[in-house]
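**Q** Structure below; questions to follow.
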Amino acid sequence: MPLDSSFIGREYPPTAPYEVGREKIREFADAIGDEHPAYRDAEAARGLGHPDVIAPPTFAIVVAMPVVNQAAFDPELGLDYTKVVHGEQKFSYSRPITAGDRLVGVLHIDNIRSAAGNDILSVRAEVGTEAGEHVFTSTGMLVARGTAEEK
Amino acid sequence: MPRYADVEAGTEIAARDLPIRRADLVRYAGASGDFNVIHWNERVAREVGLPNVIAHGMLTMAKAANLLVEWAGDPGRVEEYGVRFAKPVVVPDDDEGATVTVTAKIAKKLEDNRVRVDIEARSDGEKVLSLARAVVRLD
């Protein structure tokens, strides 16, 4: 079933805060094999001018995923998640994600289109602190293979 | 830490062969919260038309960024990072797993002490990340 294109431009309500923990950052850094001390040692991070340990750049996906999932699992939008592959992903950072951050995300549906029998959903998550400081923007393209209507 | 004045467009800054094994996928699933079965269940992966279990695209994206971070010296200097997932990285169930060959080069010097770094990632000779680009702020 094709996606409902009236969802283009839709903005979802802010998500519940994600609290960035030191041990979660360490676990993520270990999992991706990045040994930089700024992820593990607050002193090393402060030496680089950060207030506490920071997260690897792609840790942003951990925070962005629950934001994006609002659309991915929105029954009204109708994305068939079993057929979804990740097409593109981009992050733009105002500053690094830092231990102790409480991050809130607002999801925007930027585009919905069909190409070669696939449904293609472009989403943008604007993520910042509860106080409204922008931390990063995540833009992603999700492709549902073979779900669009044949033309 | 590299200095803006000293870097030149066209210079290769890093190149490495990165192994990705089944255990890495399990570990990344746990750390990232992405438990999509195509990353750990061969039966389901084949049922949906894949040749075998595939790596999380985000894991490949993350591992490619490690070279960037190592070169920049401070992960906080990465201002932008984006990729297109061109092809899945198929991870066989053996001790070697898959190998992703990553190279990074300075594509362009930008304003305000920033550089654009272009990354290439290949597995089995095929490009797995395309249009992989980062903007890094230098001193």
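**Q** So, in segment A:58-117, how many residues would count as being outside any strand (DSSP E or B), open to solvent by 60 Å² or more (accessible area, probe 1.4 Å) and under 26 Å from residue A:38 (Cα atoms)?
**A** First pass over segment A:58-117, keeping only residues outside any strand (DSSP E or B): A:58-83, A:94-97, A:99-101, A:116-117.
Among the residues that remain, those that are also open to solvent by 60 Å² or more (accessible area, probe 1.4 Å) are: A:66, A:73, A:75-76, A:81-83, A:94, A:116.
Those still in the list that are under 26 Å from residue A:38 (Cα atoms) too: A:66, A:94.
Residues flagged as outside any strand (DSSP E or B), open to solvent by 60 Å² or more (accessible area, probe 1.4 Å) and under 26 Å from residue A:38 (Cα atoms) within segment A:58-117 amount to 2.
**Q** Exactly one of these conditions fails for residue B:2: (1) assigned to a loop (DSSP other than H, G, I, E, B); (2) within 9 Å of chain A (Cβ to nearest Cβ). Give me its number.
**A** Failing condition for residue B:2: (2).
**Q** Mind checking whether some residue in segment A:48-60 is among the hydroxyl-bearing types (Ser, Thr, Tyr), in contact with a Leu (Cβ under 9 Å, 6 or more places away or on another chain) and more than 13 Å from chain B (Cβ to nearest Cβ)?
**A** In the first step, residues of segment A:48-60 are kept if they are among the hydroxyl-bearing types (Ser, Thr, Tyr); the result is A:58.
The next check asks that each one be in contact with a Leu (Cβ under 9 Å, 6 or more places away or on another chain); those that pass are A:58.
In the following step, the residues that additionally are more than 13 Å from chain B (Cβ to nearest Cβ) were identified as none.
Looking for residues that are among the hydroxyl-bearing types (Ser, Thr, Tyr), in contact with a Leu (Cβ under 9 Å, 6 or more places away or on another chain) and more than 13 Å from chain B (Cβ to nearest Cβ), one finds none in segment A:48-60, hence no.
**Q** Shifting gears a bit: For segment B:37-70, which positions are within 9 Å of chain A (Cβ to nearest Cβ), farther than 20 Å from residue B:129 by Cα and out of contact with any helix residue (DSSP H, G or I) (no Cβ under 7 Å at 6 or more places or on another chain)?
**A** B:49
**Q** While we're on this one: Tell me which residues, restricted to segment A:23-34, are touching a helix residue (DSSP H, G or I) at 6+ places or on another chain (Cβ under 8 Å) and either over 22 Å from residue B:57 (Cβ atoms) or touching a residue at least 60 places away in the same chain (Cβ under 8 Å) (or both).
**A** A:25, A:26 - these are the residues of segment A:23-34 that are touching a helix residue (DSSP H, G or I) at 6+ places or on another chain (Cβ under 8 Å) and either over 22 Å from residue B:57 (Cβ atoms) or touching a residue at least 60 places away in the same chain (Cβ under 8 Å) (or both).
**Q** Taking segment A:2-34 as the search range and keeping residues that are more than 10 Å from chain B (Cβ to nearest Cβ) and among the aromatic types (Phe, Trp, Tyr), which one is farthest from residue A:139 (Cα to Cα)?
**A** Among those residues, the one meeting the criterion is A:18.
**Q** Return the total of residues in segment B:43-67 being open to solvent by less than 10 Å² (accessible area, probe 1.4 Å), farther than 20 Å from residue B:96 by Cα and either at pLDDT below 95 or in contact with a Pro (Cβ under 8 Å, 6 or more places away or on another chain) (or both).
**A** 1
**Q** To continue, here is another question. Which ones in segment B:102-139 are under 19 Å from residue B:86 (Cβ atoms) and among the β-branched types (Val, Ile, Thr)?
**A** Residues satisfying the conditions are B:102, B:103, B:117, B:119, B:128.
The values are calculated or read from the model by the stated rules, or taken from the named source; none is laboratory data. A quick note: this is a predicted structure, and the numbers were derived from the prediction, not measured. FYI the Cβ positions are ideal-geometry reconstructions off the backbone, even for glycines, and counts take in every protein chain you see. Quick note on the areas: whole protein, heavy atoms, side chains included, nothing else; ligands and nucleic acids left out. Shrake-Rupley method; radii C 1.70, N 1.55, O 1.52, S 1.80 Å.
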